[in-house]
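Reading through the structure tokens given below for one structure.
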Amino acid sequence: MTALGFIYPGHSAEDDYPRIEQLLGSDIRVDLVHTDIGEDTHRADALREMGSAERLAAGVEGLRLSGAETVVWASTSGGFVHGWDGAQEQVRTLARLAGMPASSTSFAFVHAARELGVRRVAVGATYPEDVAVLFAEFLRAGGLEVAGMRSSGIVTAAEAGTWGEEDVLTLARAADVADAQAVLLPDTALHTAAHLSLLEKALSKPVLTANQVSVWEGLRLADRRVNAPSLGALFTREPLVQV
């Protein structure tokens, strides 16, 4: 049994995680601990506070008895708003607090794109444009080219959590551009686990979503690879040999 730990702010699309656990169909356990989201707004200062060391420490306390082997800060915006260097320091702090390998959803997107051999991506963000731009800057710092970006201007995680399949598909289609090798949907408050097959079929390219890559990142930290085609191209490839 491999136990993966996730620190998830608030309550929006957390039911993606037990769904993904079921779709993995293997000896994988997904343990989710919620932290106080604070002010529910996609505003940079509030997002930085949401991912503060104090809030992460509170989440770690909840994971101590779970037996988790790895931990992922499952908030994309709560990571990338700190910038590349700040997000690295956030992960180092999380690893120190938890005493186990740690990462965050923001880094998971970069690692997942590399796993697929993807360089050029399109971004479909629920966030306001100024926050979406920060995510694009983070991806570029990670060596990716952002070929296109679409912002939906959603202010709260609660609103993002109400979106259904058609809303998610509309965003992905609007974000996609011809030369993008993959489409990224970065909000962990967005339900996407049930829609991955549809999204990839509709766009004819890999689609990376926040909760999907978060679980993949936890598995990567645990040195596990699971074949689960219903979770998209990311879960159907052997690891690439890094040269």
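Laboratory data are not the source of any read-out in this text; all were calculated from the coordinates shown. Note that the coordinates shown come from a computational prediction; the quantities given were computed from them, not determined experimentally. Counting neighbours? That spans all protein chains shown, and the Cβs are built from the backbone with ideal geometry, glycine included.
Data table
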quantity	calculated
Dipole moment magnitude, nearest 20 debye, the stretch 114-243 about Cα centre, only Lys, Arg, Asp, Glu C-beta charged	500
All Cα pairs of the stretch 109-209, percent lying beyond 21 Å	25
5 angstrom amide H check on Thr35, placed H, neighbours 5+ away	Tyr8, Gly10
Exposure proxy ranking, count of Cβ atoms within 10 Å, fewest first, for Trp163, Trp73, Trp216	Trp163, Trp216, Trp73
Residue order, fewest to most beta carbons within 10 Å, for Phe235, Phe135	Phe235, Phe135
Order of His191, His11 under a 10 Å beta carbon neighbour criterion, fewest first	His11, His191
Alpha carbon centroid spacing (whole Å) that separates the stretch 94-143 from the stretch 170-216	14
All-pairs Cα distance distribution in the chain, expressed in whole percent, bin size 10 Å	8, 37, 40, 15, 0
